[in-house]
Amino acid sequence: MSKENFTIKLVDSFKCAEGKQQSILWDGKTPGLGLRATEANAKSYIFESRLHGRTIRITIGDLKTWPISKAQGEATKLKSLVDQGIDPRQQKIEQRIKADATRVETERQLVTLGDIWPRYIESRRHKWSEWHIRDHENVARRGGEKKIRGKGLTEPGPLASLLDIRLCDMNGKRLGGWLALESSNRPTQASLAFRLLSVFVNWCDSQSELAGLVPPGACKTQHVRDEVPNKNTKEGDSLQREQLAPWFKAVREMENSIQSAYLQILLITGARRRELVALRWEDVDFQWKSLTIRDKVEGERTIPLTPYVATILELLPRRNEWVFSSPAAANGQLTEPTPGHKRALVAAGLPDLTLHGLRRSFGTLAEWCEVPAGVTAQIMGHKPSAIAEKHYRRRPLDLLRQWHEKIELWFLEQAGFDFAPSKACLKIELSK
């Protein structure tokens, strides 16, 4: 094994011996340092030594980027590690793993709510209903886009101001401040957004690459609890008996016949707003007078198709699969009937009433007809609240129909018009 003190002239002139794949020249000054030259005239510094009875060889670097002095210094460091019984190769692997972990953690810390929210929706899409997906998309809408209907730009969703916030910065104080601001402007939407965000945080903790990013208990701190909107029922969010006449008059005179029919049927069936919007023509049985509702609790339930509701449905255009269709909507389905209902309330001189308030009105006003509570609950899709109701009473459709038609007739009587199942009496002008 030839050794010579390395000089610039020596290392530049050293070449691979003819007929060999590589040749090595060892430095006479620095133990373990060698210069390797290949038959392709590639040159690099190497280090070679023995550790635990075995020879180890490590490439230091190319001759073009490693000056002699620097290569000698690196070889000295490697020799020092070997003398201590440390394998430099293993140390290098551990350093790389540590560097990779540091880089990954740094990238984790930069992740924002806006980065993960779309991914969260996609991961849960197969388990959620279309309406639940739409809720998640709407609360995180950035806004500023041209409205599909009307003039102006769309408003940002409640979570818009948090989208660019890092998950690691979403502590209780920040969430409390956000919730206070949103609750003062739109409490219902703020409450929904907070509920969705709380579930999202739990999901993040279940993902190995996201676990621990959101500060523990961020959604349960005192800052947040103090700002969560009250979930109590909105006072007065139900029609009174004397309000039925002006409400029916205003709703029946709406220009949009689809919305008019939807609102009337929402009241008469007591269905949840989204259950009714999702009604398909295949769910309507005119022969056996029944409606199949996609129930969010039980999966589906069948309720009577009462005479007035049947007459309204027979007049609706069959544009597509949806009973309450909308040519302007991308999916051909009625999307947002609330603005039309608000205008009808103003025209009727009635106080504000939510769409869920119509469902509440059905349950409340049905008591005027002395309907058994279990009948009302079964029509509305409420879970049985008593042992007898839960285990022993599931009323057949014809028995439900007897009571449901009584409720419908009472509604129409209070509305001040006589109903006969004929198209002429409805005075609904269908849109073309």
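Brief remarks on what is shown
- In degrees, nearest ten, helix 88-109 long axis to first principal axis of the chain (Cα): 30 degrees
- Calculated from backbone phi, Karplus (6.51, -1.76, 1.60) coupling profile of region 209-222 in Hz, x at Gly/Pro: 7, 10, 4, x, 5, 6, x, x, x, 4, 8, 10, 6, 5
- Positive-pole candidate from ASN185, HIS132, LEU175, dipole of the chain, charges at beta carbon: LEU175
- With the charge dipole of region 220-377 set up from +1 on Lys and Arg Cβ and -1 on Asp and Glu Cβ about the Cα centre, the Cα lying farthest toward the positive end among the listed residues THR269, PRO304, LEU355 is that of LEU355.
- Normalised convex hull volume, the chain, alpha-carbon set, Å³ per residue: 283 Å³
- Computed over the chain: relative contact order in percent, which uses C-alpha pairs under 8 Å that are six or more apart: 11 percent
- Separation between Cα centres of region 263-333 and region 124-167, rounded to whole Å: 27 Å
- Violating pairs (Cα-Cα greater than 27 angstrom) within the set LYS9/LYS29; LYS3/LYS79; LYS20/LYS92: LYS20/LYS92
- Placing unit charges on the Cβ atoms of the charged side chains and taking the dipole of the chain about its Cα centre, the candidate lying farthest along the positive direction among TYR45, ALA250, SER260 is TYR45.
- In region 241-425, the inverse of the mean reciprocal separation of distinct Cα atoms equals 16.8 Å; this is its Kirkwood hydrodynamic radius.
- Using the rule -39500 (n - 2.57) for each DSSP H run of four or more residues, divided by the residues of the chain, the 222 nm mean residue ellipticity is -13500 deg cm²/dmol.
- Most to least packed among 216-226, 27-37 [average Cβ atoms within 10 Å]: 27-37, 216-226
- For region 122-221, GluC sites (Glu not before Pro) meeting the loop criterion (DSSP other than H, G, I, E, B) and having at most 12 other Cβ atoms within 10 Å: GLU145, GLU209.
- For GLY61, the residues whose amide H sits under 5 Å from its own are TYR45, ignoring neighbours fewer than 5 places away on the same chain, with H placed 1.01 Å from N.
- Cα-based Rg / Dmax (Å) for region 89-218: 17.8, 68
- About its Cα centre, the chain has a charge dipole of approximately 1140 debye under the convention of +1 per Lys or Arg Cβ and -1 per Asp or Glu Cβ, with nothing else charged.
A short reminder: the numbers here are calculations on the coordinates, not readings from a lab. Values in this document were obtained by computation on a predicted structure and should not be read as measured data. Here the Cβ is made from the backbone with ideal geometry for all residues, glycine too, and neighbour counts use every protein chain on show.
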